[in-house]
Amino acid sequence: MYITRITVSGFKNLKEIDLIPGRDFNIIYGQNAQGKTNLLEAVWISTGCRSFRGSKEKDYLAFDEDEFDIKIQFEDEQRTQEISYRMVRKNMKNKLITLNGVVQKNSSRLFENFKCIAFLPDDIELIRGTPEKRRSFVDLCYSQLKPKSMSFIRKYDQLTAQRNAVIKNIILGRDTEESLEIWDRQLAAVGSYITFMRNQYVAILNRYCKELYSRIAGEGEELSVSYQSNIFSSDFEYPAAPDTSMTEVYYSRLRNSVSDDLRLGYTHTGAGRDDISLKINGLSVKDYGSQGQQKSTALVMRLAQAQIYRDEKRESPVILLDDVMGELDERRQKFVCSIIADMQVFITTCNHRAVIAECDNIFEMHEGRIVNTGKES
């Protein structure tokens, strides 16, 4: 998969962008606050995902613009496609999203068709951050392979919110404990599927990360990645596919936790409390890893995500490297480039000469515009 053309105007500070990238490495350089990351963000939201910077949709539109318009043309293994994403200030709640000229009710079809993987400076939070960061990472990775799985994540969040509302009503005397059972049945079915999904992906992730980390760190350090379920014990034998036995275990745990939930005021048991364990030579990377080990672990997790998608789907995703390469030494840059060499890559940097990747496609940004297009001599 690769992008053939990017046109953007009115998205944050971007103005009249019309970029025809190469099929391999593309470097976008310029000083800070010139729009480099905004350009990658425009590409990213065209996948149907929320902003990787946490931006709200109302902040997508530039202060001095009445609308923004993003168009992404790309080719996959089968055909050429085009995504259009438009928002008008006077009616910001209604986005106009089209895929190949067909208006979309939501962004789910974008997610099914256009795949990017973003490497970000705050990826270190995959190691240092909360379990939610790691759960979200695994959920996105698996859903990129099987897009329909994202509906289970949304459903789980909805059911948990509804169950928590019932818990509050019980505490206030407006409802009875028996009302929880119907929500527990639904939550057990969805939660057990999500647990199975995550455990299956993490097992694959572990194999890839182990191999990649050994290459970047050398002998003497072994990285292991494992899934820690809040419902199922570490020695639980997962079935070949989600089944009723998993659902019943999950349901029993929910029922047994009702008294604690009523004391705490919320659902404290389930897939929303799971985590991913990352260890080097048996020790937690988060608690005992050096800064270098933590950065290397976060890096190989993203590289593994890209490799797994390519190997499973027989197609490469588009890679977005936002101000990441400049923080890597030459050895690690070469390592990253060797892994993503057969993919289309967009690299943002303040100093393009600090990026060692061989690149014929170099674009300078200034005040939201592409002001110079050149080839490395």
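What follows is calculated from the coordinates using simple rules that are stated; it is not laboratory data. Just so it is clear, the structure is predicted and the values come from calculations on it, not from any experiment. In this analysis, Cβ positions are derived from the backbone assuming ideal geometry, glycine residues included, and neighbour counts consider all displayed protein chains.
Regarding segment 59-178, what's the average projected area of the Cα-atom convex hull, expressed in nm²? Projected over every direction and averaged, the Cα hull of segment 59-178 covers 12.3 nm².
What list do you get for VAL371, VAL190 if you sort them by fewest beta carbons within 10 Å?
Details: VAL371 12, VAL190 23.
With the fewest neighbours first, VAL371, VAL190 line up as VAL371, VAL190.
Pair-distance distribution of segment 204-326: all C-alpha pairs, bin width 5 Å, starting at 0; shares per bin in whole percent are 2, 9, 14, 16, 14, 15, 13, 9, 6, 2, 0. Taking the alpha carbon gyration tensor of the chain, multiplying each eigenvalue by 5 and rooting it gives semi-axes of 38, 27, 18 Å, largest first.
What does the extension gain come out to for ASN91 and LYS148, with contour length at 0.36 nm per residue minus their alpha carbon separation? So the chain would gain 17.6 nm between ASN91 and LYS148.
Suppose R0 equals 41 Å; then what is the FRET efficiency for LYS58 and ASP243 from their Cβ-Cβ distance, rounded to the nearest 0.05? Present the calculation step by step, with values, prior to reporting the outcome.
On the way: r = 44 Å, r/R0 = 1.07.
My answer for the efficiency is 0.40.
Look at where the Cα atoms of segment 251-269 and of segment 166-240 average out, and the two centres are 17 Å apart. Of all lysines in the structure, the ones whose alpha carbon falls short of 21 Å from that of LYS90, not counting any fewer than 8 places away in one chain, are LYS12, LYS15, LYS56, LYS58, LYS71, LYS105. The relative contact order of the chain comes to 26 percent, based on Cα pairs under 8 Å that sit 6 or more residues apart. Sites listed here are trypsin sites (Lys or Arg not before Pro) in segment 292-325 whose DSSP assignment is loop and whose Cβ has at most 16 other Cβ atoms within 10 Å: ARG314. Stretching the chain fully between GLU327 and ALA165 yields a gain of 53.8 nm (0.36 nm per residue, less the alpha carbon separation). Taking segment 127-279 as the region of interest, the number of lysine pairs whose Cα atoms are within less than 22 Å, with members eight or more places apart or on different chains, is 8. In loop segments of segment 38-126 as defined by DSSP, the chymotrypsin sites (Phe, Trp or Tyr not before Pro) with at most 14 further C-beta atoms inside 10 Å of their C-beta are PHE63.
Shown here is the pair-distance distribution of segment 121-161: with all Cα-Cα distances grouped in 5 Å bins from zero up to the longest one, the shares run 6, 23, 22, 21, 18, 10, 1 percent. Axis angle, to the nearest 10 degrees, between helix 36-45 and the longest C-alpha principal axis of the chain: 50 degrees. Within the listed set ALA165, ALA189, ALA357, the residue fluctuating most in the Gaussian network model of the chain (springs between alpha-carbon atoms under 10 angstrom) is ALA165. Once Rh is set to the Kirkwood radius over Cα pairs, what Stokes-Einstein translational diffusion coefficient, in µm²/s, holds for segment 124-313 at a temperature of 25 °C and a viscosity of 0.890 mPa s? Estimated via Stokes-Einstein, D reaches 138 µm²/s.
If the chain between ASN281 and ASN351 were fully stretched, how many nm would it gain, using 0.36 nm times the residue separation less the Cα-Cα distance?
21.6 nm
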